Amino acid sequence: MRDNAACRWASVSIPCRVKCRGCEFVTLTTENKPRDVAHRPPFRGMPVGAMPMVAFLSILAGFIGAAAYTHSAGYFVTFMTGNTERAVLGWFDNDQVLATGAITLLFSFGLGVFVASMLRRRLWRRGHYGASVVTTVALAVAAVVDYALDRTGGQDVGFIPIAFVAFAVGALNTAFVKNGETSVPLSYATGTVVKLSQGIESHVSGGSARDWLGYGMQYAAFAVGALLGGLMSMVVGGEMMLIVATGVSASAILITYMTGARVGHTAA
């Protein structure tokens, strides 16, 4: 004989019969609860109400990455997969400078993520613009360092300022956090393409357009940012390029403050 609590069992995957004290055999079946449509995100993987912010920060990530790449010795500040390959293969090609530079950028990017995450935990846990603040400050420091190291007005940006730019992009990737982890990686275009393709397959297999439109928007925004960064690099270079990037990042603080998402994700 089972305790009466058995009669209060919730849903089970298959019908079952339970004998309880003072009651007859009771059949329990799975309850089909309707989904709360009002609380479903507009697009899979995207925080509710944060689409404008995701788009703007993705544009910013693409913009910074393209601007840094075109005015440096081809350094990646958004593509850590490429830097990892450079760090490893540089030793096989007997190019220690390339390998060391790639390792440094990997460290700078990771440090940006670490610092922004730590500041979120300790200073602005309820704020939703912290990542943009850290990114803006790092870009401003990069501009100052580039000016201090190169007063010739050249168009290229030195490696040390680029390391600060990688730090800035790492911090930017902490803009959306859920359960202590980044939920929307802004500069990880490879992962976005994977999710976009999976979403399209889900739509074709009976899902809806919301399965992929969010990822499509994010990828398109990153590409637009890269295009704008490339166009901007044709007009300005050197520390001026970094100053422009700092201004764009500073505007992101206002955008994130005005459009911060609060449902399920924390935007920063």
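Odds and ends about this structure:
- Scanning the range 204-245 for residues that are open to solvent by less than 70 Å² (accessible area, probe 1.4 Å), polar (S, T, N, Q) and farther than 24 Å from residue 184 by Cα yields one hit, 233.
- Filter result for residue 108 (within 18 Å of residue 157 (Cα to Cα), at pLDDT 90 or above and part of a helix (DSSP H, G or I)): yes
- Test result for residue 156, farther than 18 Å from residue 79 by Cα, in a loop (DSSP other than H, G, I, E, B) and touching a residue at least 24 places away in the same chain (Cβ under 8 Å): yes
- One residue from 235, 224, 184 being of a type in the set (A, V, I, L, M, F, W, C), under 20 Å from residue 135 (Cα atoms) and assigned to a loop (DSSP other than H, G, I, E, B): 184
- For the range 70-81, filtered to residues that are modelled with pLDDT of 80 or more and assigned to a helix (DSSP H, G or I), the residue that is most open to solvent (accessible area, probe 1.4 Å) is 81.
- Members of the range 138-152 found to be in contact (Cβ under 8 Å) with a residue 24 or more places away in the chain and more than 14 Å from residue 163 (Cβ to Cβ), listed by number: 140, 147, 150
- Checking residue 94 against (1) polar (S, T, N, Q); (2) surrounded by fewer than 20 Cβ atoms within 10 Å (Cβ to Cβ); (3) touching a residue at least 40 places away in the same chain (Cβ under 8 Å), the condition it does not meet: (3)
- Within the range 215-252, the set of residues being touching a Gly at 6+ places or on another chain (Cβ under 6 Å) and either at positive phi or of a type outside the set (A, V, I, L, M, F, W, C) (or both) comprises 215, 225, 238.
The values are calculated or read from the model by the stated rules, or taken from the named source; none is laboratory data. What you are looking at is a predicted structure, and each value in this text was computed from that prediction instead of being measured. Every residue, glycine among them, receives a Cβ derived from its backbone with ideal geometry; neighbour counts consider all protein chains shown. The accessibility values were calculated without ligands, DNA or RNA, using every heavy atom of the protein model including side chains. Shrake-Rupley method; radii C 1.70, N 1.55, O 1.52, S 1.80 Å.
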